[in-house]
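Bear in mind these aren't lab numbers, they're just calculated from the coordinates by the rules spelled out. Keep in mind it's a predicted model, so treat the numbers as computed, not measured. Note: ideal-geometry Cβ built from the backbone for every residue, glycine included; neighbour counts use all protein chains shown.
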Amino acid sequence: MGWAIALHGGAGDIPVDLPNDKRAPREATLRRCLDLGVAALTANRSPLDVVELVVRELENCPHFNAGRGSVLTTDGTVEMEASIMDGTTKRCGAVSGLTTVVNPISLARIVMEKTPHIYLAFDGAEAFAREQGLETRDQSYFITEQNIERLKQAKEANRVQIDYTQPQPVKEQVPTSSEGDSQIG
Amino acid sequence: TVGCIAVDGNGNLATATSTGGLVNKMVGRIGDTPVIGAGTYANTICAISATGKGESIIRNTIARDVAALMEYRGLSVKEAADLVIANAPEGTVGLVAVTDKGDVAMTFNTTGMFRACATENGHSEISIW
């Protein structure tokens, strides 16, 4: 028995020759977030506090697909989602369809702690965030040049992408959207 | 997608996951992250945060399956995670999991997963592939 922590920044087709200018900032954020979490655990913060503050830090980093740096919908907007769960009590909170909330994970926690529900979405979730005084920003805060480019590429290839999927050569014939999973190429 | 799981020295567990979803997704599309039991789950035995293609994670109830295999069949967290990931569609899922004893599993069937972990007995890792 003893404390432990693990975190992730997304899984996908991460090329083994990822350029250093993409790899280094992500590894640095992982290291910083791990240190943050370890310090909180050794200071006897609750696991619920620890996972929230680590995910908030990851949401604030534009290099990961959450919060600032979220990938874009087909309309070029962000719709963020998050969830949190306490193992001891099985209490949990979830949100989706967020467009202005800076830290979705904190709204998920407030849903868990201050409502009789588990899951709030879209306008209701956004209104609840304002009611609770959570920090909100307009869409431009969340949108990065890199994700605008990724959306452009995905549209050209007429498909959706999971984290880190590499652009396909344009000449490849991609099936139409009605063919479901083949959309990730 | 980003996620974190933690257990304290008393065996209390928690998990959290957050994401922007899929690139070029339809407006209004919900992925696995807010669906408790699919992308995020925790009980008194383990805590899991998953990442990847939401539709695949929801169809395969990834997080709850890992917990159920530990709870009902007594598998270790590594055995449970490996089994669930091996049975999910290739190239679509990764997860981090921790138990009340502080055992950690970080498993994926994609090319890579940005991940990091540390334990009180001194193990520490930051990896991609």
Considering only the other residues whose Cβ falls under 13 Å of the Cβ of residue A:85, what net charge follows from Lys and Arg at +1 and Asp and Glu at -1?
+1
Step through the residues of region B:44-57 one at a time and calculate ³J(HN,Hα) from phi using the Karplus curve (6.51 cos²θ - 1.76 cosθ + 1.60, θ = phi - 60°), rounding each to whole Hz and writing x for Gly and Pro.
7, 9, 7, 9, 9, 10, 10, 8, x, 8, x, 4, 6, 5
Tell me the net charge near residue A:3. Cut-off is 15 Å between Cβ atoms, residue A:3 excluded, with +1 for each Lys or Arg and -1 for each Asp or Glu.
-4
Principal-axis tilt of helix B:62-73 within chain B, Cα atoms, nearest 10 degrees
40 degrees
Taking Lys and Arg as +1 and Asp and Glu as -1, residues besides residue A:149 with C-beta under 14 Å from its C-beta add up to +2
Using the scaling law 2.2 N^0.38 Å as the reference, what is the normalised Cα Rg of region A:65-123?
1.16
Rounded to the nearest 5, what % of the DSSP beta bridges within chain A are antiparallel ones?
65 percent
Expressed as an acute angle from 0 to 90° and rounded to the nearest 10, what is the orientation of the C-alpha long axis of helix A:20-42 relative to the principal long axis of chain A?
10 degrees
So what is Rg over Rh here for region A:1-140, counting just Cα atoms and using Kirkwood for Rh?
0.99
For region B:1-128, take the convex hull of the Cα atoms, compute a quarter of its surface area, and give me that in nm², please.
7.4 nm²
Theoretical ellipticity at 222 nm over chain A - DSSP helices of four or more residues, -39500 (n - 2.57) apiece, nearest 500:
-12000 deg cm²/dmol
Residue B:115 long-range amide H proximity, modeled H, under 5 Å:
A:9, B:127
Quickly work out the residue A:118-to-residue A:18 label distance, labels modelled 7 Å from Cα along the C-beta direction, and quote it in nm with one decimal.
3.2 nm
Cα long-axis angle, helix B:77-86 against chain B (0 to 90 degrees, to the nearest 10)
20 degrees
Can you find, among B:117, B:39, B:15, the residue farthest towards the positive end of the dipole of chain B? Put +1 on the C-beta of Lys and Arg, -1 on that of Asp and Glu.
B:39
Restricting to chain B, what percent of DSSP beta bridges are antiparallel, rounded to 5?
95 percent
At a Förster distance of 25 Å, what's the computed FRET efficiency of residue A:136 paired with residue A:91, Cβ-Cβ distance as r, to 0.05?
0.50
Convex hull (Cα only) mean projected area of the protein assembly as shown, reported in nm² to one decimal
14.8 nm²
Note, ³J(HN,Hα) from phi for region B:100-107, Karplus 6.51, -1.76, 1.60, rounded to Hz, x at Gly and Pro:
5, 8, x, 7, 10, 10, 10, 10
With label points built 7 Å along Cα→Cβ from the Cα atoms of residue A:60 and residue B:71, find their separation and express it in nm.
3.5 nm
